[in-house]
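Presented below is the structure to which this report refers.
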Amino acid sequence: MRMRARLIHSLTTVLLTVLVGGLIAAALVRRSPGFGVDEREFDARYGQDSIRHIREEAKPSGGGALPDYLRFLVRAATGDLGTSASFHRPVAALIAERFPATMRSAGAGLALGWTAGMLLALAAAGLSRPAFDLGAGAAAAFFLCLPSSVLALAMVLAGRLGGKTAVAVVIALVIFPRVFRYARAILGRIAAAPHVLMARARGVRPWRLLWAHLIRPSAPAILALLGVSVSVAFGAAIPVEVLCDSPGLGQLAWQAALKRDLPLLVDITLLVSLVAGIAGMAADIARSAPAVEPS
Amino acid sequence: MKPLRRAAMALLAAIYLAALAAAWLAPAGYARQFRESPDAKPSAVFLLGTDELGRDSFARLLYGSRVSLSLAPAAAALATLVGAVAGVSAGYWGGWIDTCLARLMDLFLSVPWLFLLLSVRAVLPLNVRPLESIGITFLLLGLLGWAGPARVLRAAAHEVKSEDFMVQARARGSSPVRVLSLHLLPNLAPVLAAQFWMSIPLFILSEANLGFLGLGVAEPVPSWGNLLAGLQNLDAVAGCPWRLAPLVLLLVVMACFHFIVPMEDFSK
């Protein structure tokens, strides 16, 4: 029951955050220079009547940001997110086309990055070999020092991987060092705890030591990173999809930004924030779920 | 101080000095075109060769470093300042101020960093003069990057607020301004400094990513972002390792920051 209340509270918080974010974005878009101006107004081929008609079409309603936003929400509830000014296609269709590609790449990248980061962190904490620790730490530091766009460019230069695979690999390289450093610090602290040293001294088998004394106690703290890593993965997807020419949401957001197709860009940003928010909420709930004790 | 940290600080100081002295060290201006020598190889005249427009790459690297290395700390200072005002207010006053500010922090932190930058950058005019683009880029970083430091400072202010000396100061009837300026802020100074130092490399990387996407500092003014964007011309890079100089310098500077302050902020 408490869990259900917590779930409802978290979900409401995420939704409210996204809704308020949307309202702020809508107000910003209305205030942006050039809002309500159609490029065709400057095209000499259009006559005065046509330009007047175009202006009428592009003119924002006089009610302000809030009524506009509420109208948008009502339309969005029926699946109508409007039409993209730069792509001349429904926004919902554009997003539906690109969203799965980004989700797949981000999912694969997250899985790869988390696996690599956790395996290396566990090995570093379990083996307690300074050389291994130093090597893994240096590799993580190296990838932390590089912008995701440079990693994507390296992938393009290497030229061995296809678009979507390259995106997943770059996202994994962005996630891995962060997971490794965070998990290594937590696992290191737990590995040095007196009860773990005692278990070692008593000759507890390595696998049992790893599972019962390292992984289980550290899991809640490490899980807290899951939500943030989803946000980082989506952020990294923009330059990577652009450079690797992978038609996903990141590339669409970049194209919308360059063409100043602000409604499309805001829709994408809100969707991505919602996904990141839900991932964060799931991580929070998983972290606070009571552990099942062996009987 | 560990020797590695000391060496990193010395190297970073040397790079900063070279960047700040670009006007004296660079053999030519960053925009001057030597039209008779486009795509020149490194030589005594052009230390790092020239680009396809005949501009001295060494001069552009120095001036670009000056832009990125001096404005990233400025943006970090702005983000830390805004974060300090929000975080300390939330942590100290509590109540509805804390609730509202905490929700605002959550709002900023819930949007993936690059999506947030891209969206707000696109709201502003894209065709601006190069100097305006510098201002816009680093102001954006400073004004949008406040939520991370604010969250940390809010937690720290909460902690310090419940210390005995703070309770005693309030019980003695000290004014809020006195409590804040004499007791709270001095105790938060190490956290503030850490947040400032941690923001610099993050903003350098963010500017590089924005520049790569064509939404950062506009040409002809060089910055690490648009210098790295030049690497996208694969034909020009192939067989010309000296063109990787901006990337190498970025790596060196980031490694120096890495040794000076651990980059633990996961959210960007």
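Key figures for this structure:
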quantity: Candidates per trypsin sites (Lys or Arg not before Pro) in region B:126-211, loop by DSSP, up to 14 other Cβ within 10 Å; calculated: B:Arg172
quantity: Kyte-Doolittle mean at least 1.0, axial Cα span of 30 Å or more - DSSP H helices of chain B; calculated: B:57-93, B:185-212
quantity: For region A:65-95 versus region B:136-154, the gap between their alpha-carbon centres in whole angstrom; calculated: 30 Å
quantity: Chain A - Debye-derived log10 I(q)/I(0), Cα point model, q = 0.10, 0.12, 0.13 Å⁻¹; calculated: -0.70, -0.91, -1.01
quantity: Cleavage-rule hits (trypsin sites (Lys or Arg not before Pro)) in region B:1-99: DSSP loop, at most 10 neighbouring Cβ within 10 angstrom; calculated: B:Arg35
quantity: Cα-centred dipole magnitude for chain A, charges only on beta-carbon of K, R (+1) and D, E (-1), debye, nearest 20; calculated: 1340 debye
quantity: Surrounding net charge for A:Pro239, when Lys and Arg each add one and Asp and Glu each subtract one, Cβ distance under 13 Å; calculated: -3
quantity: Among A:Tyr182, A:Tyr46, A:Tyr69: highest mean-square fluctuation, GNM of chain A, C-alpha pairs under 10 Å; calculated: A:Tyr46
quantity: Å² of accessible area per residue within the protein assembly as shown, as computed with a 1.4 Å probe and no ligands counted; calculated: 48 Å²
quantity: For chain B: relative contact order, % (alpha-carbon pairs under 8 angstrom, 6 or more apart); calculated: 25 percent
quantity: Relative contact order for region A:107-182, counting Cα pairs under 8 Å that sit 6 or more residues apart, in percent; calculated: 61 percent
quantity: Among A:Ala141, A:Ala279, A:Ala193: highest mean-square fluctuation, GNM of chain A, C-alpha pairs under 10 Å; calculated: A:Ala193
quantity: Angle between chain A longest axis and helix A:262-288 axis [Cα atoms, degrees, rounded to 10]; calculated: 20 degrees
quantity: Sequence of A:Phe132, A:Phe87, B:Phe257 from largest to smallest accessible area, 1.4 Å probe; calculated: A:Phe132, A:Phe87, B:Phe257
quantity: Global geometry of chain B, whether rounded, prolate or oblate, following the gyration tensor of its Cα atoms and the 1.5 cut on a/c; calculated: prolate
quantity: Descending Cα extents along the principal axes, region A:168-212, whole Å; calculated: 43, 18, 11
quantity: Distance between modelled label sites at B:Thr99 and B:Leu139, nm, 7 Å Cα→Cβ extension; calculated: 3.4 nm
quantity: Region B:13-89-region A:181-200 distance, computed between alpha-carbon centres (Å); calculated: 44 Å
quantity: Residue among B:Ile200, B:Ile134, B:Ile97 with the largest mean-square fluctuation in a Gaussian network model of chain B, springs linking Cα atoms under 10 Å; calculated: B:Ile97
quantity: Residue-averaged beta-carbon neighbours from other chains (10 angstrom radius) around B:206-215; calculated: 5
quantity: Of B:Ser181, B:Asn127, B:Leu140, farthest towards positive along the dipole that unit charges on Lys, Arg, Asp, Glu beta carbons give region B:102-215; calculated: B:Ser181
quantity: Dipole magnitude of chain B, debye to nearest 20 (Cβ charges: Lys/Arg +1, Asp/Glu -1, about Cα centre); calculated: 520 debye
quantity: From the C-alpha gyration tensor of region B:21-99, square roots of 5λ in Å; calculated: 47, 11, 8
quantity: Gyration tensor verdict on the protein assembly as shown (Cα atoms; rounded if a/c is under 1.5, prolate if a/b is larger than b/c, oblate otherwise); calculated: rounded
quantity: Carbon/sulfur fraction of accessible area - the protein assembly as shown, other protein chains in place, 1.4 Å, %; calculated: 66 percent
quantity: Crossing angle, helix A:48-58 versus chain A [Cα axis fit, 0-90 degrees, rounded to tens]; calculated: 30 degrees
quantity: Between region A:204-218 and region B:202-242, the Cα center-to-center distance that results, in Å; calculated: 46 Å
quantity: Helix A:249-258 axis, angle to chain A major axis (alpha carbon atoms, nearest 10°); calculated: 40 degrees
quantity: Anchor A:Lys164: aspartates and glutamates whose Cα lies under 13 Å away (excluding residues fewer than 8 positions away in-chain); calculated: A:Glu241, A:Asp245
quantity: Relative contact order (%) - region A:163-295, alpha-carbon pairs under 8 angstrom, separation at least six; calculated: 30 percent
quantity: Dipole magnitude of region B:172-268 about its Cα centre (Cβ charges: Lys, Arg +1; Asp, Glu -1), debye to nearest 20; calculated: 460 debye
quantity: Compactness of region A:143-191, expressed as Rg and Dmax over alpha-carbon positions, Å; calculated: 13.6, 42
quantity: Accessible-area value, B:Val152, 1.4 Å probe, nucleic acids and ligands omitted, Å²; calculated: 60 Å²
quantity: Where the Cα pairs of region B:189-268 fall when distances are cut into 10 Å bins, in %; calculated: 17, 41, 29, 10, 2
quantity: Region A:1-154 shape via C-alpha gyration tensor axes, a/c threshold 1.5; calculated: prolate
quantity: Taking all pairs of distinct alpha-carbon atoms in region A:164-260, Kirkwood radius in angstrom; calculated: 15.9 Å
quantity: Square roots of five times the Cα gyration tensor eigenvalues for region A:97-230, Å; calculated: 32, 16, 11
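The values are calculated or read from the model by the stated rules, or taken from the named source; none is laboratory data. Quantities reported herein were computed from a predicted structural model and do not represent experimental measurements. Glycine also receives a Cβ, built like all others from the backbone with ideal geometry; neighbour counts cover every protein chain displayed. Protein only, heavy atoms only, side chains kept; ligands, DNA and RNA dropped before computing areas. Shrake-Rupley method; radii C 1.70, N 1.55, O 1.52, S 1.80 Å.
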